[in-house]
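Here the structure is laid out as structure tokens; the discussion comes afterwards.
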Amino acid sequence: HQASIPALNLAHSSEQFKVVNTYANSKARLALVNGVCSNAICEYGINDIFGTSDTLATVKANALLWWSYLKKRGMRVFQTTLGPNMQSTDGFQTVGAQSILGTSTQHTIRQGFNQWLRAPASAGAGNSAILDAAGNLDGVFGAGEQVEAGERGDREEQEQVHHGEPAAEDGGGK
């Protein structure tokens, strides 16, 4: 009987989907999870957008590839939504000292990625991560919703976690 590991962080600071997807990086890291991890919570994405200004299509493609690597190891795979890239003059002690970093294009890409993550399968191919992932994504955690409430004004909707079908509050699903 192999001991279970409650948590294993496979990421490095400032890392991106496209870096971890390279053969050398993924082979060594994924060998660590074989048989010992049952769930993966992926928080990649923000550095792909703000670190190198990848397009939305590129970030999606890299996410789909990474999720497939994790799923092939028998794990349930979850992705978090991406919060805005922020800076603070007081160590994030107050809201007033915070400001958003990046260009409007980068924020549009981030919001598009989050919309893709949140969309139910019924949104169609190219518009829904759950559908596009072809079984390699088990769910989405709304990690950026608290800070995004002012962006969209629909906080109740943002706090829902979709698993491929509309939430009950949307008129159906699970």
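Computed from the coordinates by the stated procedures, all read-outs in this text should not be read as laboratory data. Owing to the predicted nature of the structure, the values given are computational and were not obtained by experimental measurement.
Details
- Note that region 49-56 has calculated 3J(HN,Hα) couplings of 7, 8, x, 9, 6, 5, 6, 4 Hz, one per residue in order, obtained from phi through the Karplus relation 6.51 cos²θ - 1.76 cosθ + 1.60 (θ = phi - 60°); glycine and proline are x.
- Amide proton proximity set for residue 42, modelled H, under 5 Å, gap of 5+: 78, 79, 80
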